[in-house]
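The values are calculated or read from the model by the stated rules, or taken from the named source; none is laboratory data. Fair warning: this is a prediction, and the values are worked out from it, not measured in the lab. Cβ placement follows ideal geometry from the backbone for every residue including glycine, while neighbour counts extend to all protein chains displayed.
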Amino acid sequence: MLNIVGKRKIWFSFSAILVIASIVVLFLYGLKPGIDFTGGSLIEVSFTNERPGLAEMQAVFENRDFGNVRVQPTEDRGYILKMRFINEEEHQNILSSLRSEFEVINDDSKTEQLEAGKENKQTIDESTSTEAVSENRVLEERVETIGPAISAHLKERSFKAAIAVVFAIIFYIAYAFRKVSKPVKSWKYGVTAIVALLHDVLITVGIFALLGRYLGVEVDIPFVVATLTILGYSVNDTIVVFDRVRENLIKLGYEDFEGVINKGVNETLVRSFNTSITTLLVLGALFFFGGETIHYFSLALIIGILFGTYSSIFLASPLLVVWQKLGKR
């Protein structure tokens, strides 16, 4: 049996270093907000014949200074492009790049129709049926400024909801563990789960602050969703370990509290690792093959689940022993 609880000072020191480093990085650099937080520009384009694949459209904006460009298919032949605020020169450069990459015009005399844009779209569509199938033109349907999807009011409501959820977790765990309120009060199990939860989220956010500083990675709604998923995963994994501890306390008593905690952690060790590994295999596939749109969403989940597994085993359970020793003083 591994003496995980007995070596808690090592785990506490490691976690403290990571959490403090994450807080410092957040204070110095902060997160780089995406268009969901700041707003930006929207361009809708359509193709007269056949639109290119999603990966081809995304490739146009790789290594370009437009931030995290969202490419969203619309209707049968169009795309909506969402990006940071752009000026008119950048707007024209984007259209030029798209036309240079995808546009095929068989009859040069019809270039004027392209400039007419949306007004002559019907004429172009009618002529397409009589022209070679290879002809394909890029038409701009609209360009406009969009506001942030996450407003200040929504941020405030989300913060209040998060606080309410934290207290709900503490109260629920206090009630569920009421039969093992010695030598550690049942509500302390809930507080310990919240500490592990904050540990996982802070480290994930700190890593993304570094990525934003040096690689220009932006945080957006998918990142928020990933963070909420990490919260749920972290609490779930911690509760599984605590539940085994509760069963052992009922069967073995609490005279050797540290030994009972260590036994519970070891009994759930394989289960925790197996669950995490299978989850990480899926996330790894999404990270490498899922495309640019979910690349950093997958990365956030990978980081969060790695540290969520670590905290439920090496942080949360040893913290219960610290609660117990403090209660003796």
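State all residues of the stretch 60-85 that are assigned to a loop (DSSP other than H, G, I, E, B) and in contact with a Phe, Trp or Tyr (Cβ under 7 Å, 6 or more places away or on another chain); if no residue qualifies, say none.
Of everything in the stretch 60-85, those that are assigned to a loop (DSSP other than H, G, I, E, B) and in contact with a Phe, Trp or Tyr (Cβ under 7 Å, 6 or more places away or on another chain) turn out to be VAL69, ARG77, ARG84.
Identify the single condition in (1) out of contact with any Lys or Arg (no Cβ under 9 Å at 6 or more places or on another chain); (2) in a helix (DSSP H, G or I) that VAL25 does not satisfy, given that it satisfies every other one.
In the conditions (1) out of contact with any Lys or Arg (no Cβ under 9 Å at 6 or more places or on another chain); (2) in a helix (DSSP H, G or I), VAL25 misses (1) alone.
Among the residues of the stretch 1-17, how many are within 27 Å of the chain's Cα centre (by Cα) and surrounded by 11 or more Cβ atoms within 10 Å (Cβ to Cβ)?
So the answer is 5.
Looking only at the stretch 291-299, decide whether some residue is modelled with pLDDT of 90 or more, surrounded by 15 or more Cβ atoms within 10 Å (Cβ to Cβ) and in contact with a Lys or Arg (Cβ under 6 Å, 6 or more places away or on another chain).
Within the stretch 291-299 (the criterion being modelled with pLDDT of 90 or more, surrounded by 15 or more Cβ atoms within 10 Å (Cβ to Cβ) and in contact with a Lys or Arg (Cβ under 6 Å, 6 or more places away or on another chain)), the answer is no, since none of the residues qualifies.
Go through TYR172, TYR189, TYR233 for me and flag whichever is surrounded by fewer than 19 Cβ atoms within 10 Å (Cβ to Cβ) and either farther than 19 Å from VAL260 by Cα or in the same structural domain as LEU283 (by TED's automatic domain parsing) (or both). Quick ask: steps written out before the conclusion?
Details: TYR189 fails: surrounded by fewer than 19 Cβ atoms within 10 Å (Cβ to Cβ); TYR233 fails: surrounded by fewer than 19 Cβ atoms within 10 Å (Cβ to Cβ).
Matching residue, one of TYR172, TYR189, TYR233: TYR172.
I need every pair where a residue in the stretch 58-78 that is on the phi > 0 side of the Ramachandran plot has its Cβ under 9 Å from the Cβ of a residue that is in a strand (DSSP E or B) and modelled with pLDDT of 85 or more, sequence separation at least 6 or different chains.
GLY67/GLY40; GLY67/MET83; GLU75/SER46
What about LEU215, is it within 24 Å of ALA149 (Cα to Cα), surrounded by fewer than 21 Cβ atoms within 10 Å (Cβ to Cβ) and among the hydrophobic types (A, V, I, L, M, F, W, C)? So that I can check it myself, show each step before the final result.
Working: within 24 Å of ALA149 (Cα to Cα): yes; surrounded by fewer than 21 Cβ atoms within 10 Å (Cβ to Cβ): yes; among the hydrophobic types (A, V, I, L, M, F, W, C): yes.
Yes, satisfied.
Here are the criteria: (1) modelled with pLDDT of 85 or more; (2) over 30 Å from ARG51 (Cβ atoms). Tell me which single one LEU154 does not satisfy.
If we test LEU154 against (1) modelled with pLDDT of 85 or more; (2) over 30 Å from ARG51 (Cβ atoms), just (1) comes out false.
May I ask you to verify whether LEU228 is within 15 Å of the chain's Cα centre (by Cα) and free of Cβ contacts under 8 Å to residues at least 40 places away in the same chain?
Criteria met by LEU228.
Tell me, please, whether a residue that is of a type outside the set (Asp, Glu), modelled with pLDDT under 90 and in contact with a strand residue (DSSP E or B) (Cβ under 9 Å, 6 or more places away or on another chain) can be found in the stretch 210-226.
Yes, the stretch 210-226 contains at least one residue that is of a type outside the set (Asp, Glu), modelled with pLDDT under 90 and in contact with a strand residue (DSSP E or B) (Cβ under 9 Å, 6 or more places away or on another chain).
Working only within the stretch 32-67, note down all residues that are in contact with a strand residue (DSSP E or B) (Cβ under 8 Å, 6 or more places away or on another chain) and under 15 Å from ILE86 (Cβ atoms).
Selection gives GLY34, ILE35, GLY39, GLY40, SER41, LEU42, ILE43, GLU44, VAL45, PHE61, PHE66, GLY67.
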